Structure formats: C-alpha cells, structure tokens
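Okay, structure first, notes after.
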Amino acid sequence: MSSAALPAPLRTERLILRTWQPGDREPFAEINADPVVMEHFPAPLTRAESDRFADRIEDLWRVDGWGLWAVQIAEDQSFAGFVGLNRAEFAAPFTPAIEVGWRLAQQHWGQGYATEAGRAALGYGFQELDLLEIVSFTSTVNTRSQRVMAKLGMQRDPGDDFDHPGIAPGDRLRRHVLYRLTRPDWASCRQGEAGAWGASLARR
Ligand SMILES: CC(C)(COP(=O)(O)OP(=O)(O)OC[C@H]1O[C@@H](n2cnc3c(N)ncnc32)[C@H](O)[C@@H]1OP(=O)(O)O)[C@@H](O)C(=O)NCCC(=O)NCCS
C-alpha cells in the first residue's frame, strides 16, 4: 500500500487518531524512555529501540491499512502516544487474535483519553474491519490498563488468564489477564451508550 492510500484520521471529541509522522519519533521516544510509563513492561526503550518500534508500526500500516494510531490532542495538536489495533500472534490459547492497546505520555493520563481513543479503535475494528472479536491483555499488576478495558465494556474471564510466553517464568509481569469483546456485545454496549460510542466518532 502506498502512503497515498493510508486512511484518513479518525476524530473523537478531543482527539485525532492518525497515521504516523516523522515528528512523532522524538516525543514517542520520550514516552518509551519514561520508567513510569514502562513500569509494566520489561524495560524502558532506548531511542534506537523506540525508532524500531515506530518503524514496525508504520510498516504494518502500509501492509494492513490499519494498526496503532498516533494519538494527537486536538486542542493543541500535541502527540500523546498510541492507541489502536494490533495482531497478537504469540502462542496462547486465544491467538491469533486482534488486540486493542494503548500507551500514552504520563502528563495525559487520567483524563479519559485512552478510553475515548479505545472506543474509536473498537468501533473501527468492528465496523470497518468486520472483526468478530477484539481482545486486550496485560499483566495482572497493570490495574490501570485493566480499568480501561473494563470501561470499554470488555469482559474478563479469570479462566482465560495466561502466562505470556515472551516473559520469563518467575517474572512479576508473566501472568496476564485477558479481556474480550465480541461484536454482538459491542453492538449492545454501544446502543446503551449512544452518546459516547456514536456521536463522538466522526471521520475528519
Ligand atoms: C493505561 C493508560 C493508557 C491509561 O490511559 P488514561 O488516558 O489515563 O486512561 P483513562 O483516563 O481513559 O482511564 C484510566 C482509568 O484507570 C483508573 N486508574 C488510574 N490509576 C489506577 C490504578 N492504579 N488502578 C486501577 N485503576 C486506575 C482511572 O481512575 C480511570 O478510571 P475511571 O475513569 O473509572 O476513574 C496509561 O496509563 C498508560 O499509557 N500506561 C502505560 C502504558 C501501559 O501500561 N499500556 C497498557 C499496556 S497493556
């Protein structure tokens, strides 16, 4: 897919979800170097690791035409991190699957941005990509991220908890929770919250 074919941004009430720009690299590296942001990951990323991650994100956009959106705060145009959809292909009982995920700069936490953008990402996955289910997962200790999953109407079955194969046995981050949202559950959740799910998402 050529860059001309990259999709238009999504607009929510306060955010712009768009494909990546060269100017995102520096603030993205700052986010990935922040030990608080990276508390629930094996380690903060170096600038080179952060750039490689951004390369992978951009490659996947070119191949699939969807992925992890760069999140921009509409009011001041600043880059806040990413929220979006990603393929989960590691060995686990629920894979292959499409996950919704997020990582935002610390100064933007606690304002509902991850939930707002996550809602738009789920809407895109179910409406535009016709997915039947979207999952989300994180280590058991990442309660903040789990709260976002719950606020999005995703459901956890403790029987789905799993050990992430990419994390060593005994590591505090190895045990993960899995949240799921099926298309029918998303549709009924959306009906019940028409304002939040519907009106706030418009293509720019
Ligand atoms: C997870 C993350 C994206 C959340 O972003 P955010 O914009 O602050 O999320 P929201 O404001 O939409 O919602 C956060 C919710 O968690 C709650 N919360 C905050 N700290 C919490 C904690 N320690 N435990 C449980 N819930 C917590 C907030 O109160 C809020 O819920 P509420 O609206 O019911 O009050 C952000 O913290 C982040 O980038 N973390 C680091 C990266 C990361 O862990 N990504 C997920 C990997 S799976």
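The values are calculated or read from the model by the stated rules, or taken from the named source; none is laboratory data. The shown structure was predicted, so the numbers you read here are calculated from the model rather than taken from an experiment. Note that each Cβ is placed from the backbone with ideal geometry, even for glycine, and that neighbours are counted across all protein chains shown.
Observations on the model:
- Of note, Arg11 does not satisfy the criterion of being more than 30 Å from Arg174 (Cβ to Cβ), free of Cβ contacts under 8 Å to residues at least 60 places away in the same chain and not aliphatic (A, V, I, L, M).
- Selection count, the stretch 101-118, where residues are within 14 Å of the chain's Cα centre (by Cα), within 19 Å of Asp34 (Cα to Cα) and more than 7 Å from the ligand (Cβ to nearest atom): 1
- Number of residues in the stretch 44-96 that are within 20 Å of Leu17 (Cβ to Cβ), of a type in the set (Lys, Arg) and assigned to a helix (DSSP H, G or I): the value is 2.
- Conditions (1) among the aromatic types (Phe, Trp, Tyr); (2) in contact with a helix residue (DSSP H, G or I) (Cβ under 8 Å, 6 or more places away or on another chain); (3) within 14 Å of the ligand (Cβ to nearest atom); (4) closer than 25 Å to Ser188 by Cα; number of the one not met by Phe82: (4)
- Ala29 meets the conditions (1) away from the ligand (no atom under 16 Å from the Cβ); (2) under 18 Å from the mean Cα position of the chain (by Cα) in every case but one. The failed one is (1).
- Residue list for the stretch 128-140, filter: in a loop (DSSP other than H, G, I, E, B) and either in contact with a strand residue (DSSP E or B) (Cβ under 8 Å, 6 or more places away or on another chain) or within 7 Å of the ligand (Cβ to nearest atom) (or both): Leu129, Leu131, Leu132, Thr140
- The residue list Gly125, Gly195 contains one member that is closer than 24 Å to Leu15 by Cα, modelled with pLDDT of 95 or more and away from the ligand (no atom under 13 Å from the Cβ), which is Gly125.
- Pairing residues of the stretch 136-162 that are over 15 Å from Trp109 (Cβ atoms) with residues that are within 9 Å of the ligand (Cβ to nearest atom) and in a loop (DSSP other than H, G, I, E, B), at Cβ distances under 6 Å and at least 6 apart in sequence or on separate chains, gives Ser139/His40.
- Flag if Asp24 is surrounded by fewer than 20 Cβ atoms within 10 Å (Cβ to Cβ), away from the ligand (no atom under 15 Å from the Cβ) and either on the phi > 0 side of the Ramachandran plot or part of a helix (DSSP H, G or I) (or both): no
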